Amino acid sequence: MFSQLNVINKSQKAFLRKLYLAHLLDEEQHNLLSLQKLTGMPRRTLQDAIAAFVDIGIKVDFIQQGQRHNEGHYRISTCGPNQ
């Protein structure tokens, strides 16, 4: 019975991943490469999670800082449905 309480389903895992990434983006400037190094998550997983932030009311912008499209960082512009 105790082991059933610790089981996390797929949707819960995705939600927790989004919260974790949102926390990281709120604390420091990150791009996909820095998030990948910090979390160990695959690039595609990070891209999907960031794209799905809107599901939990978070809007993220990518701030371009150079000619190459991967030069820059993500920034949370709104957090929650009331903002």
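So that you can scan it fast, the table gives a plain yes or no per residue for (1) surrounded by fewer than 16 Cβ atoms within 10 Å (Cβ to Cβ); (2) farther than 15 Å from His73 by Cα; (3) at pLDDT below 95:
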position	(1), (2), (3)
Lys13	yes, yes, yes
Leu35	no, no, no
Pro42	yes, yes, no
Ala49	no, yes, no
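Tell me which residues, restricted to the range 66-83, are under 17 Å from Ala22 (Cα atoms), small (Gly, Ala, Ser) and at pLDDT below 80. Across the range 66-83, the qualifying residue is only Gly80. When the range 25-51 is filtered for residues that are farther than 22 Å from Gly80 by Cβ, in a helix (DSSP H, G or I) and either in contact with a Cys (Cβ under 6 Å, 6 or more places away or on another chain) or among the small types (Gly, Ala, Ser) (or both), only Ser34 remains. Figure legend. Inter-residue proximity from the range 40-56: first residues more than 16 Å from Lys10 (Cα to Cα), second residues at pLDDT 95 or above and polar (S, T, N, Q), beta-carbon distance below 8 Å, spacing 6+ or different chains. Indicated pairs: Pro42/Gln36; Arg43/Gln36.
Going by the structure shown, is Ala22 in a helix (DSSP H, G or I) and in contact with a Cys (Cβ under 8 Å, 6 or more places away or on another chain)? The answer is yes for Ala22.
The values are calculated or read from the model by the stated rules, or taken from the named source; none is laboratory data. Remember, it's a predicted structure, so these values are computed and weren't measured experimentally. Using ideal geometry, Cβ is built from the backbone for each residue, glycine included, and neighbour counts are taken over all protein chains shown.
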